[in-house]
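Asker: Encoded as structure tokens, here's the structure I'll be asking about.
The values are calculated or read from the model by the stated rules, or taken from the named source; none is laboratory data. All values reported here derive from a predicted model rather than from experimental measurement. All Cβ positions, even for glycine, are placed from backbone atoms using ideal geometry, and neighbour counts span all protein chains on display. Accessible surface areas use protein heavy atoms only, side chains included; no ligands, DNA or RNA. Shrake-Rupley method; radii C 1.70, N 1.55, O 1.52, S 1.80 Å.
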Amino acid sequence: MNILTARNLKKHFGGVKAVDGCSIDIESGTIVGLIGPNGAGKTTMFNLISGFERGSGEITFKGQRTDNLSPFKIARCGMVRTFQIPRALTKMSVLENLMLAPTMQRGERIWNVCLRRKKVLEQEQTIKEKSMGILEFFEIDDLRDEYAGALSGGQKKLLEMARAIAIDPSLMLLDEPFSGVNPTLSRKISGHIDELREGGMTFLIIEHDIPAVTKISDRIVVMNEGRVMTEGKPEEIKRRKDVLDVYLGGEG
Amino acid sequence: MTELLGAILPYITTILLFASIYAVFALGLNLEWGFTGLINFGHVAFFAIGAYTTVLLNISGCPLIISVIAGVALAGFFGFLLGIPTLRLREDYLAIVTIGFSEVVRSILLNEEWLTRGPFGVHGFDRPFQDAVPYQHYNTFLLILFVAILAIVYFALERLIQSPWGRVLKSIREDETVPSALGKNVFSYKLQSLIIGSAIAGLAGTMLAFYITYINPCTFKPIETFYAWIIVILGGTASNKGTIVGAIILWAFFSGTKFIDRIVPVPFESHQMGAFRMIVIGLLLMLLMMYKPEGIFGRKEELALSD
């Protein structure tokens with residue numbers, strides 16, 4: 001069953017056709033890698049799917065049309081994304097970064113804060129315990145009280161993933177989770193993704209680290225010049241000469 | 001000794017009265033800027049709307065308490081009206097639109113004489129419990145009342161910003177893309193912040209009117225907005241405690257420099273003293289910012305953080 005179907009997505013910036021008629025299907029519970037050279041339109045695809053940019057085409061997520069929804073509504077449907085450059089909430093603690101995430105918290109409504117203090121505090125306690133659990137899963141629980149802005153680049157990557165998971169998504173869009181991360185941490189992140197998939201989560205991952213992404217993915221989609229060039233199983237894609245050519249920019 | 005005390009006490013009462021009014025005023029701005037990151041350069045508009053609504057309703061026969069509630073509510077409502085078209089703008093544009101809005105409000109106060117009595121201003125309205133409190137103690141009573149209002153506003157805001165609601169505001173301040181990617185309706189939270197901040201400014205405007213007993217459009221020049229900014233930055237952005245201390249310091253500066261010519265002989269005529277005082281205040285603020293750039297209650301380590 002497909003959790004996400006995108007049909008004929010288009011996004012043009014002036015004369016630049018960033019995404020030019022792209023279709024993609026993502027089966028529930030799988031890991032799909034999205035690769036392609038710089039400027040292929042991968043991040044624009046992410047922006048279109050997550051609602052941060054408007055283009056044309058149809059997007060259906062869990063049976064519901066989402067191409068006209070604003071990003072926060074799409075997130076509430078259970079789709080979450082991370083960003084190529086991690087966006088830590090600098091002057092908030094690591095724990096606060098996580099506790100922000102769960103959607104539909106009682107205490108996010110001002111009248112509940114004023115009138116139903118006890119219930120808000122109860123839920124806050126649950127959210128705190130859950131957030132600590134996620135921080136432990138990513139092994140950054142010792143950093144809970146640090147400012148997010150004081151973390152290293154790799155730690156910020158982990159924090160961003162942890163924060164995204166805290167909203168209990170069914171589909172995660174990860175934008176270059178392995179870039180700028182040392183090999184040990186990279187293996188650790190792969191491990192986490194695998195474990196979460198076992199738990200039923202679906203992933204769409206943009207990545208330039210081809211060995212890492214082919215190792216983890218069930219299926220690879222290759223984009224070039226705003227279109228899907230080819231797709232298939234990682235082993236097949238690795239053998240394809242035209243994919244290699246696109247990456248190296250040569251004619252072979 | 002009692003004579004000296006008798007001379008100083010009213011003077012200190014004045015400082016504290018102004019400080020409490022401006023502390024409430026600046027707490028509204030601190031919610032908007034310090035916690036939500038909204039650059040509001042038109043905060044004075046809501047100060048004016050609160051003050052004018054209250055006194056105009058009162059002189060046309062409305063009971064005082066209802067006039068006050070209406071003043072606060074209308075200031076909040078104008079926050080809502082201003083917020084709808086502007087909060088989707090990028091920060092610097094928001095600053096431009098809000099400063100324009102505050103000047104529009106002042107022009108209306110100045111020119112729509114049928115409604116606002118124009119440049120002559122409004123006086124002769126009631127003050128709270130004016131018949132119950134003897135005249136010679138009225139300012140002391142007012143100070144107690146204002147401190148109580150300040151305390152209520154302070155504790156209410158503290159509770160709000162420490163809640164999950166406040167956490168969303170702070171995340172918007174840090175990077176609004178993140179809360180929207182996490183399913184928060186950023187626009188709605190910004191609007192709520194602006195409405196509450198404006199209502200608080202309206203309350204402060206009402207307090208000001210009760211103290212100075214006479215308001216006119218000149219009471220609400222754009223500089224008032226920047227007094228609130230000075231207070232917030234002085235005290236340490238995003239610290240409500242700092243905002244209160246900042247207000248006291250600013251008014252101590254304003255009033256303290258009145259007597260500077262008695263301490264240091266300065267070669268100025270009395271009419272030049274006003275300008276000279278502003279120079280001294282500016283210098284004091286610059287020194288404070290040089291040696292404590294994070295403000296009094298600000299956190300120094302936050303200045304060093306990067307995205």
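Asker: Mind counting the residues in the stretch A:201-220 that are open to solvent by less than 10 Å² (accessible area, probe 1.4 Å), under 16 Å from A:GLY29 (Cα atoms) and of a type in the set (A, V, I, L, M)?
Answerer: 3
Asker: How many residues does the stretch A:58-78 hold that are open to solvent by less than 60 Å² (accessible area, probe 1.4 Å) and either over 13 Å from A:LEU9 (Cα atoms) or touching a Lys or Arg at 6+ places or on another chain (Cβ under 6 Å) (or both)?
Answerer: 9
Asker: Just give me the residues in the stretch A:124-160 being open to solvent by 50 Å² or more (accessible area, probe 1.4 Å) and either closer than 25 Å to B:LEU157 by Cα or in a loop (DSSP other than H, G, I, E, B) (or both), in sequence order.
Answerer: Across the stretch A:124-160, the qualifying residues are A:GLN125, A:THR126, A:LYS128, A:GLU139, A:ARG144, A:ASP145, A:GLU146, A:SER152.
Asker: Give B:LEU31, B:LEU4, B:LEU87, B:LEU17 a once-over and let me know the one that is out of contact with any Pro (no Cβ under 8 Å at 6 or more places or on another chain), among the hydrophobic types (A, V, I, L, M, F, W, C) and open to solvent by 10 Å² or more (accessible area, probe 1.4 Å).
Answerer: Going through B:LEU31, B:LEU4, B:LEU87, B:LEU17 in turn, the sole match is B:LEU4.
Asker: Moving on. So, in the stretch B:251-264, exactly how many residues are modelled with pLDDT of 75 or more and open to solvent by 40 Å² or more (accessible area, probe 1.4 Å)?
Answerer: 2
Asker: Then there is this: Name the pairs: first residue in the stretch B:256-279 and assigned to a helix (DSSP H, G or I), second residue modelled with pLDDT under 75 and open to solvent by less than 70 Å² (accessible area, probe 1.4 Å), Cβ to Cβ under 6 Å, at least 6 apart or on different chains?
Answerer: Short answer, once both residue conditions are applied: B:ARG277/B:THR257.
Asker: A further question on this structure: Here is a check on your reading of the model: is A:ALA88 within 19 Å of the chain's Cα centre (by Cα), within 8 Å of chain B (Cβ to nearest Cβ) and either over 22 Å from B:LYS190 (Cβ atoms) or part of a helix (DSSP H, G or I) (or both)?
Answerer: Working: within 19 Å of the chain's Cα centre (by Cα): yes; within 8 Å of chain B (Cβ to nearest Cβ): yes; either over 22 Å from B:LYS190 (Cβ atoms) or part of a helix (DSSP H, G or I) (or both): no.
The answer is no for A:ALA88.
Asker: One residue is enough: does the stretch A:172-182 have a residue meeting the conditions modelled with pLDDT of 95 or more and facing another protein chain (nearest Cβ under 10 Å)?
Answerer: Scanning the stretch A:172-182, I find at least one residue that is modelled with pLDDT of 95 or more and facing another protein chain (nearest Cβ under 10 Å), so the answer is yes.
Asker: Do we find that A:ILE189 is in the same structural domain as A:MET79 (by TED's automatic domain parsing), farther than 30 Å from A:SER56 by Cα and touching a residue at least 40 places away in the same chain (Cβ under 8 Å) in this structure?
Answerer: No.
Asker: Against the conditions (1) closer than 16 Å to A:PRO169 by Cβ; (2) within 14 Å of chain B (Cβ to nearest Cβ), where does A:ILE26 fall short? Just the number, please.
Answerer: Result: A:ILE26 passes all but (2).
Asker: Quick check, is B:ALA51 at pLDDT below 95 and of a type in the set (A, V, I, L, M, F, W, C)?
Answerer: Taking the combined requirement at face value, the residue does not satisfy it.
Asker: Could you please find all residues in the stretch B:91-142 being open to solvent by 30 Å² or more (accessible area, probe 1.4 Å), of a type in the set (A, V, I, L, M) and within 23 Å of B:PHE210 (Cα to Cα)?
Answerer: B:ILE108, B:LEU110, B:LEU115, B:ALA132
Asker: Moving on to the next point. Taking B:SER193, is it touching a residue at least 12 places away in the same chain (Cβ under 8 Å) and within 14 Å of chain A (Cβ to nearest Cβ)?
Answerer: yes
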